[in-house]
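> Below you will find the structure I want to go over with you.
Read-outs throughout are calculated quantities, based only on the coordinates presented, and are distinct from any laboratory measurement. A quick note: this is a predicted structure, and the numbers were derived from the prediction, not measured. Here Cβ is always computed from backbone atoms with ideal geometry, including for glycine, and neighbour counts include all displayed protein chains.
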Amino acid sequence: MSEAELHDAIVIGAGFAGLVAARDLIEAGRKVLVLEARDRAGGRTYTSTFPGTDVVIDLGAEWFDPQRHHFMAAEVNRYGARFVEADKDGANRWYLDGRHGEGEEPDSLVDMAELETVLDRLKADVAPVVFAKGFDQVNTAELDIPFSEYLDNLDAPPAIADLLRAQSYTLTGALPEEFSALVYLREIAGFDNDPAYSFFASLARVDIGSGGLAQRVADEISDHIRLGEPVTVVTDSGDRVDVITAAGKTYSARRVVLAAPLNTLGDITFSPGLPAPLARLVRQGHTGRCIKVWSRLAGLKYVFAMGWPGIVECTVIGEVNERDGKRSIMASFGLAPDLAVDRVDLVQAGLDRLEMGATVEEVYGHDWIGDPFSKGTWLALRPGQAPDLAGVENNWGAIHLAGADFAGVWSGWVDGAIQSGRETAAAVDAALAATET
């Protein structure tokens, strides 16, 4: 495909949303070009193996609920992959209110009757939230406050408050002071308004990795993808859209699918400018900044841990046998300054705080916050941003918006990215067809 060609559609971004949008348009007979800034497809999914092993790990998005994430399940089935359930064969570790415990549940640290009372209050607050309506909600303005403030209003016992800080982090990847309580409560609504179930809802990963699945989509349309092509300018002239890359190349199309992360859109100059609600969101950015670090451990006897503060959650996904004994491959999650993808000492300190009894031998990960093509992890709205996200148009002029950050249902999840990409492809195809009659 040359620069001089007029494409039916240019897709900006080869994450899941962009990939499935491009695939569906190609299957509809459209001439499509995908421009991806990175040297790989997959976006915020990224699959590798832990160095020196054959253990498949996801450096980005990883966990799913196959019973609810139907668009993801369809892609898994289409490409011959399968879901693998989390390994529960082992002990769990808990660290709440400065105390340690173990067991399937944190009942050694938390009064379960008190926890049930607090969860009932969450259920009552979630009740007005209609999950299928995204952030276009009514009667929820009082929930659009910092989660830390919401938690103070609950007046929960200290250990339960720490448990909620940790669990809300697993669904937002952000600091309680920075993300909106509405984001967390809406996630609970997606899991049938069941706070207890939402604690451990995402119990399956993909055997080939999420990024491995994305690569299978990319392989199917590889002739249409250009890697290492960051887009810097998008100009909608009415009869065509010109897209300029950092290398100075210009590509043109009748329609553009904008499938780049929200936090990166400020690096693109749009003419005309972005609609006001989206422009405000781009200026502010969302606050998702989860740090995920994989490590090889000696002497580990737990398969899962959760605590606050420090390392918030860690999960073992594989083991390798070495001459001097077994090693565990584990993912740890937290926030700066407690974790960094290249700091063995921070992971060791975090595991010691949890009293995991393990020695960290090596760490591995990807810096999504420092990555210029993500500038953060999955969507976590700040207080006050929900109305703007609800007001973002899916289409203005010849530009169509797609991606997990803008998904109408499972926003922030790969399932939302896929649904958004597929629905956007259908809208683009219909818009193209309307000009051909």
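> Order the peptides 82-95, 414-427, 176-189, 366-379 from the highest to the lowest mean number of other Cβ atoms within 10 Å of their residues. Don't skip to the end; give the middle numbers.
Working: 82-95: 15.3, 414-427: 25.6, 176-189: 23.9, 366-379: 19.9.
Put in order of decreasing packing, that is 414-427, 176-189, 366-379, 82-95.
> Between Gln284 and Ala431, what FRET efficiency comes out of the Förster formula 1/(1 + (r/R0)^6) with R0 = 35 Å and r the beta carbon distance, rounded to 0.05?
0.75
> Need the list of lysines near Lys31 for cross-linking: C-alpha distance under 28 angstrom, and skip anything on the same chain fewer than eight residues off.
Lys249
> Moving to a separate point now. Any idea how far apart Asn139 and Lys31 come out in nm if each label point goes 7 Å out from Cα toward Cβ?
For Asn139 paired with Lys31, the spin-label model returns 5.3 nm.
> Sorted from largest down, what three extents in whole angstroms do the Cα atoms of region 276-324 have along their principal axes?
Computed over region 276-324, the largest-to-smallest principal extents equal 60, 23, 13 Å.
> By average Cβ neighbour count within 10 Å, what is the ranking of 132-139, 389-396, 352-359 from highest down?
The densest-packed peptide leads the list: 352-359, 389-396, 132-139.
> Express the Stokes-Einstein translational diffusion coefficient of region 110-199 in µm² s⁻¹, to the nearest whole number, given a Kirkwood radius over alpha-carbon pairs, 25 °C and a viscosity of 0.890 mPa s.
Values: Rh = 13.0 Å.
Approximately 189 µm²/s, per Stokes-Einstein.
> Still on this structure: Helix hunt in the chain: which complete DSSP H runs extend at least 27 Å axially by C-alpha with mean Kyte-Doolittle at least 0.0? List each step's numbers first, then the result.
On the way: long enough: 414-434 (30 Å, 0.49).
Once both thresholds are applied, what remains is 414-434.
> If you take the beta carbon distance between Asp39 and Ala124 as r and set R0 to 41 Å, what does 1/(1 + (r/R0)^6) give as a FRET efficiency, to the nearest 0.05? Mind showing how you got there, number by number?
Working: r = 49 Å, r/R0 = 1.19.
In this case the efficiency is close to 0.25.
> Still on this structure, I have one more. Can you divide the C-alpha Rg of region 32-138 by 2.2 N^0.38 Å and report the result to two decimal places? List each step's numbers first, then the result.
Working: Rg = 20.1 Å, N = 107, 2.2 N^0.38 = 13.0 Å.
Rounded to two decimals, the normalised Rg is 1.55.
> Also, quick follow-up: In whole Å and largest first, what semi-axes does the C-alpha gyration tensor of the chain yield when each eigenvalue is scaled by 5 and square-rooted?
Numbers: eigenvalues 286, 132, 65 Å².
Taking √(5λ) for each Cα gyration eigenvalue gives 38, 26, 18 Å.
> Let me ask you something else. Taking the alpha-carbon distance from Lys133 and a cut-off under 20 Å, which lysines remain once sequence neighbours fewer than 8 residues away in the same chain are dropped?
Leaving aside lysines fewer than 8 places away in the same chain, those within reach of Lys133 are Lys123.
> Right, another one. Given a Förster distance of 51 angstrom, what is the FRET efficiency for Ala246 paired with Glu105, based on the Cβ-Cβ distance and rounded to 0.05? Mind showing how you got there, number by number?
On the way: r = 51 Å, r/R0 = 0.99.
Given R0 = 51 Å and the Cβ-Cβ separation, E is 0.50.
> 222 nm [θ] for the chain, helices only, -39500 (n - 2.57) per DSSP H run of 4+, per residue, to 500?
Value at 222 nm, helices only, nearest 500: -9000 deg cm²/dmol.
> Measuring from a point 7 Å past the Cα of Glu5 along Cα-to-C-beta, which residues in region 27-43 have an amide N at less than 14 Å?
27, 29-35
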